[in-house]
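All of the numbers you see were taken from the coordinates with simple rules; none came from a lab. Computed from a predicted model, the values in this text were never measured in an experiment. Using ideal geometry, Cβ is built from the backbone for each residue, glycine included, and neighbour counts are taken over all protein chains shown.
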Amino acid sequence: RKEVEQDPGPFNVPEGATVAFNCTYSNSASQSFFWYRQDCRKEPKLLMSVYSSGNEDGRFTAQLNRASQYISLLIRDSKLSDSATYLCVSRAGGTSYGKLTFGQGTILTVHP
Amino acid sequence: NAGVMQNPRHLVRRRGQEARLRCSPMKGHSHVYWYRQLPEEGLKFMVYLQKENIIDESGMPKERFSAEFPKEGPSILRIQQVVRGDSAAYFCASSRDGNTEAFFGQGTRLTVV
């Protein structure tokens, strides 16, 4: 079983739609979580950090359920510019050790 | 505050040559991570370093690959005797510590001909 698993999609949604991505992690020692987005042939860019039960930033909401070892990302009012691959990341350990483990990514395409 | 800097952005090497990829972390960051990404694939962890120490190299191929992060200067990922299969994008990321956000450089695209 992969340490971080995501639905690869692709998700094809119209502008203005709400879309949710799910991610599960297997390492119960994971302490922090992140969502990144990656555009084609570019570097991953940090979208959100999730340290406690959740985080909200404008149209983006991330939720964490430690009991179920599950993280989600909700995007409201999708824009064309949201089209990208979304990467779920878990991080084990503490201050001195923080290996980042990436999921395979979920592809989102927002169409007019 | 400059971001994570990687150079070169593009590197072409003939089979059998050596490739050296450099990564300068953000100011104040002492943790560095290297990842490899093949076309249409996800990010594969290679190595995790702190200043002068390799913390986790479980993703590094046993031969031809090495990494360092000296007290002064950038982190270096070194690939000896490159083969066509080494062609990929190599990304470096840095963070202040093991809990805080990590930021990526723009990557080095290695092409082996």
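The spacing between region B:1-69 and region A:27-93, judged by their C-alpha centroids, is 23 Å.
Can you tell me what share of the DSSP beta bridges in the protein assembly as shown is antiparallel? A percent to the nearest 5 is fine. The antiparallel proportion sits near 90 percent. With N counted as the residues of region B:10-86, its alpha-carbon radius of gyration over 2.2 N^0.38 Å works out to 1.12. Shielding by partners for peptide B:97-108, expressed as the average number of C-beta atoms from other protein chains within 10 Å of each residue's C-beta, is 6. Per residue of A:40-47, other chain Cβ atoms within 10 Å of the residue Cβ number 5 on average. The mean number of Cβ atoms from other chains found within 10 Å of a Cβ in peptide A:98-110 is 4, as a whole number. Taking the fewest neighbouring Cβ atoms within 10 Å as the starting point, the ordered list for B:ARG84, B:ARG64, A:ARG91, A:ARG37 is B:ARG84, B:ARG64, A:ARG37, A:ARG91. From the P(r) of chain A, can you give the percent of Cα pairs sitting at distances over 21 Å? In whole percent, the long-distance tail amounts to 32. Filter A:LYS42/B:LYS44; A:LYS42/B:LYS71; A:LYS2/B:LYS71 down to the pairs with a C-alpha to C-alpha distance above 23 Å, please. Table pairs above 23 Å Cα-Cα are A:LYS42/B:LYS71; A:LYS2/B:LYS71.
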